[in-house]
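See below for the structure under consideration.
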Amino acid sequence: MEVAREVFAQAGCVRTLRDGGDSTYSTRRTVPSRLTDLTIENPKRLESQTLRFALGLRVGTRLVEVSLRSRLLQLGQSGDYRALWLNPTGTDSTLRLRVAPVYDARQSIIVGPAYDNDLGGRL
């Protein structure tokens, strides 16, 4: 129990409060109010801009959790991404995101030569 209290106390987006004055603890989740930094781990500039637009996030603006959740669900249905790691850091009032997209596997066809003694060569 002590380890859990220490971990929650160090987390930037979970605040640990003492109830009443006794020794019991409860956690209250707080959502940061402002996005201070957004980095998308992708060498393709156009893809990064598209992902920023799809998430609806801009640095310096207020973070709307309901909107972000809705946009993430829409991206999940697109089939372009297998996962989208947000990697949040920050404090109770600010948030920094380092977005790491994991792309869905593209369909591919593999062609190769084969030789069979009975049928001969084929692709």
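The values are calculated or read from the model by the stated rules, or taken from the named source; none is laboratory data. Values in this document were obtained by computation on a predicted structure and should not be read as measured data. Because the Cβ atoms are built from the backbone with ideal geometry, glycine has one as well, and the counts that use them run over all protein chains shown.
Take residues that are in contact (Cβ under 8 Å) with a residue 60 or more places away in the chain, touching a strand residue (DSSP E or B) at 6+ places or on another chain (Cβ under 7 Å) and over 21 Å from THR50 (Cβ atoms) and tell me which of the strands (runs of 3 or more DSSP E) falling wholly in the stretch 74-119 contain 1 or more.
88-90, 94-103
Collect the residues in the stretch 48-73 that are closer than 19 Å to ASP104 by Cα and free of Cβ contacts under 8 Å to residues at least 12 places away in the same chain, keeping them in residue-number order.
Scanning the stretch 48-73 gives SER48, GLN49, THR50, LEU73.
Considering only the stretch 84-119, state which residues are hydrophobic (A, V, I, L, M, F, W, C) and surrounded by 12 or more Cβ atoms within 10 Å (Cβ to Cβ).
Result: LEU84, TRP85, LEU86, LEU95, LEU97, VAL99, ALA100.
Looking at the stretch 58-73, which of its residues are charged (D, E, K, R) and in a loop (DSSP other than H, G, I, E, B)?
ARG58
Scanning the stretch 70-123 for residues that are farther than 15 Å from GLU47 by Cβ and among the acidic types (Asp, Glu), which turns out farthest from the chain's Cα centre (by Cα)?
ASP118
Just one of the numbered conditions (1) modelled with pLDDT of 80 or more; (2) surrounded by fewer than 12 Cβ atoms within 10 Å (Cβ to Cβ); (3) among the polar types (S, T, N, Q) is not true of SER23; which one?
(1)
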